[in-house]
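What follows is a set of notes on a single structure, which appears directly below.
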Amino acid sequence: METRLQAIALKKTYDATKALCGIDLSLPSGKIIGLLGPNGSGKSTLVKIAAGLLTPTSGQMLICGKPVGPETKALVSYLPDRVYFEPKQRIIDLIEFFQDFYEDFDRQRAESILGALNLDLKSKFNVLSKGAKEKVQLALVMSRRAKLYLLDEPIAGVDPAARDYILNTILTNFDPDATILISTHLIADVEQVLDEFIFLHFGQVVIHGTVEGLKAETGKSVDEYFREVFRCLPSC
């Protein structure tokens, strides 16, 4: 099993605020992993460093053994926590953009996922509902043949039906050789698809374990255990 993401003594500071406090992590291939914690725990900072959008203050982040940089961006497919497409672009324009920009983009896969939504590909992005926008973005991100998928709050702010669709899309388009890191605070909704979980608190890893091992050891779900652990931590 290969390592897809490795953080070594990773720190990130904004002025006087410590967002990440010396994180050490190693994430294997072939797993769906939840990066879980309350708002302000450092989840998005960690994801953005892995995506190459932020530079750590100290320490190192490796993707497939390579330092984060131009070379690793070709290995990573990133879904940000907000809509970033030009509103007046049509869905078909977005497909063509991804096809031109990413060598690993699978247009057939994208059109198959989007076809299940019964959306007119000539529709402009700004006329879609929030849930539909989230689905379109996810369909495009998951249609790359990447080694590491970084999904930052992919189910936040959408209705339960949209959440089910998004999680099903993640599962059915998961390449067994890749790794998916899902950053979220909606643990009960996402834990059904997870192999591993990471609890993050004030920029530090509290626990990193497997869902199966947690259930065998404690008899608790990830959501139940999260609530128990974070009740005992300060200022949550």
Crossing angle, helix 91-101 versus the chain [Cα axis fit, 0-90 degrees, rounded to tens] = 70
Can you find, among 230, 194, 213, the residue farthest towards the positive end of the dipole of the range 193-236? Put +1 on the C-beta of Lys and Arg, -1 on that of Asp and Glu.
-> 230
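Assigning unit charges at the beta carbon (Lys, Arg +1; Asp, Glu -1) and nothing else, what dipole magnitude in debye, to the nearest 20, does the range 1-127 show about its Cα centre? Write out the running numbers ahead of the final one.
Numbers: 16 positive and 14 negative charges, 87 e Å.
Here the range 1-127 has a charge dipole of around 420 debye.
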Once you've got the GNM for the chain with C-alpha springs shorter than 10 Å, pick whichever of 92, 113, 33 has the biggest mean-square fluctuation.
-> 92
Count the lysine pairs in the range 61-163 whose Cα atoms lie under 21 Å apart, taking only pairs 8 or more positions apart in sequence or on different chains.
-> 13
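May I ask you to list the trypsin sites (Lys or Arg not before Pro) in the range 1-82 that are in a DSSP loop and have at most 12 other Cβ atoms within 10 Å of their Cβ? Let's see the in-between values first.
On the way: sites: 4, 11, 12, 18, 31, 43, 48, 73, 82; in loops: 31, 82.
Here the sparse-neighbourhood loop sites are 82.
Residue 88 to residue 171: FRET efficiency via 1/(1 + (r/R0)^6), r the Cβ-Cβ distance, R0 41 Å, to the nearest 0.05?
On the way: r = 32 Å, r/R0 = 0.79.
In this case the efficiency is close to 0.80.
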Here the alpha-carbon Rg of the chain over 2.2 N^0.38 Å rounds to 1.01
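Want the number for residue 206 to residue 8: 0.36 nm per residue separation, take away the alpha-carbon distance, what's left?
Values: separation 198, 0.36 × 198 = 71.28 nm, distance 1.57 nm.
Going from the current span to full extension adds 69.7 nm.
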Using a Förster distance of 45 angstrom, determine the FRET efficiency expected from the C-beta separation of residue 100 and residue 224, and round it to 0.05.
-> 0.45
To the nearest 10 degrees, the tilt of helix 160-172 (Cα long axis) against the first principal axis of the alpha carbons of the chain is 90
Give the range of the longest stretch in the chain that excludes all GluC sites (Glu not before Pro) found in loop regions by DSSP and having at most 15 other beta-carbon atoms within 10 Å.
-> 104-236
How many angstrom lie between the C-alpha centres of the range 20-53 and the range 125-175?
-> 19
Cα axis of helix 130-142 to longest principal axis of the chain: angle in degrees, 0 to 90, nearest 10?
-> 80
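We did not get these values from a lab; they are worked out from the coordinates using the rules stated. Owing to the predicted nature of the structure, the values given are computational and were not obtained by experimental measurement. Don't worry about glycine lacking a Cβ; one is built from the backbone with ideal geometry, like all the others, and counts go over all protein chains shown.
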